[in-house]
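Quick notes on the structure that follows.
The values are calculated or read from the model by the stated rules, or taken from the named source; none is laboratory data. This structure is a prediction, so every number in the text was calculated from the model and none was measured. Because the Cβ atoms are built from the backbone with ideal geometry, glycine has one as well, and the counts that use them run over all protein chains shown.
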Ligand code: AMP
């Protein structure tokens, strides 16, 4: 059997994909919208390595997180160093930020990233082992307006992509004091149910009880129905912060639902956390999420700087767009398809194609043309607008027969006007 792509990975193809969300021109469109929206909000792109020293994720994502405990692709390199493929983007951005001293002499720093991430999860629809995230991080601003801007940016990307019916779930996990108070309240609530909890939740009971709220185990979920809300443990400062985020979202007409069960899987969140879901996706319905993480940079050995960010999944955005029939730009198609017959014509067409391309025209040239019929079929398959069949006679006369493929109309155009003629038709 021929070799196939590894489990949980997929190819993104120009055509011939087994599912439409794997077509590359859709990806290019999304990436363009994401980059331009982030740029409109003042975020600049940062690109970090695909792999990092494992220790970065242990410290940055959290030793007790599912990601670090169960999902990382970790290996020893030939120098016996433990390396991991990045499972998310934030830890790497913070590492680069500290390594290159990007904070010095500047105010708030705003970055965005986009690229593949790797998690050893059970592959299913909407969940892959190599998947693609885009994300932003704003570093240095503790004001709730920064949280609101972050949410607004993710919301705006979804709006520009034409997505509808999305839900924004909003919560606050408070500051260190609120979390300590809630930790105790939650442990007190769970203690009588301890024996019925899942094994993972039992382990988390002491280490990180808030994580239990993230449990997907049906038994845990049932028990958690009566759990106290983290919102009732917020300190006055955390509460005021949360209220201001809400006021600002109201001000720019972004609808949200308070969902006190959202704590997000990672250890580093403080205060605001949020998630955006789409109902068309089934079980894996989260398009993206994030929040504030004021303690992370300090815990990585950096200065005590506040930060807020989010990450979204590109696969799920495309899948949602397709499910909702959101508009996509059409796949680019050639304006002119040159069909040379013979060596001399091939040379002439080669120059014509080059001249057209230099003027920004999409010109395709059939370098293997042997028969007119097959060439015309190929031109139709590419949905070219015009096709010029050029043989020695056309060259001798300096004229070409230009066919408009959709109307089958044919007109005579001087060879040296061919490109300009096509350009005029484009307008
Ligand atoms: P997370 O970093 O887990 O908060 O994920 C942020 C977003 O990335 C999620 O809302 C999903 O859209 C996407 N995502 C996370 N894990 C996967 C995965 N294994 N496959 C596809 N998308 C994912």
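Data table
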item: Residues within the range 187-202 that are assigned to a helix (DSSP H, G or I) and touching a residue at least 12 places away in the same chain (Cβ under 8 Å), tallied; result: 7
item: Check on residue 144, in contact with a helix residue (DSSP H, G or I) (Cβ under 6 Å, 6 or more places away or on another chain) and away from the ligand (no atom under 16 Å from the Cβ); result: yes
item: Number of the exception - residue 360 against (1) in contact with a helix residue (DSSP H, G or I) (Cβ under 9 Å, 6 or more places away or on another chain); (2) touching a residue at least 12 places away in the same chain (Cβ under 8 Å); result: (2)
item: Exclusive hit being within 24 Å of residue 154 (Cα to Cα) and in a loop (DSSP other than H, G, I, E, B), set 107, 115; result: 107
item: Sole exception among (1) more than 16 Å from the ligand (Cβ to nearest atom); (2) within 18 Å of residue 309 (Cβ to Cβ) for residue 171, by number; result: (1)
item: Residue 345 being in contact (Cβ under 8 Å) with a residue 40 or more places away in the chain, buried (at least 17 other Cβ atoms within 10 Å of the Cβ) and over 41 Å from the mean Cα position of the chain (by Cα); result: yes
item: Total residues in the range 359-371, condition at pLDDT below 90 and surrounded by 11 or more Cβ atoms within 10 Å (Cβ to Cβ); result: 1
item: Residue list for the range 187-209, restricted to those being modelled with pLDDT of 90 or more and over 34 Å from the mean Cα position of the chain (by Cα); result: 187, 188, 189, 190, 191, 192, 193, 194, 195, 196, 197
item: Answer from 118, 134 - the residue that is within 18 Å of residue 94 (Cβ to Cβ) and within 12 Å of the ligand (Cβ to nearest atom); result: 134
item: Test for residue 388: is it touching a strand residue (DSSP E or B) at 6+ places or on another chain (Cβ under 8 Å), surrounded by 15 or more Cβ atoms within 10 Å (Cβ to Cβ) and without any contact (Cβ under 8 Å) to a residue 40 or more places away in the chain; result: no
item: Output for the range 190-210, where each listed residue is more than 22 Å from residue 257 (Cβ to Cβ) and surrounded by 16 or more Cβ atoms within 10 Å (Cβ to Cβ); result: 190, 193, 197, 198, 200, 201, 204, 205, 208, 209
item: Criterion: modelled with pLDDT of 95 or more and surrounded by 23 or more Cβ atoms within 10 Å (Cβ to Cβ) - qualifying residue of 147, 152; result: 147
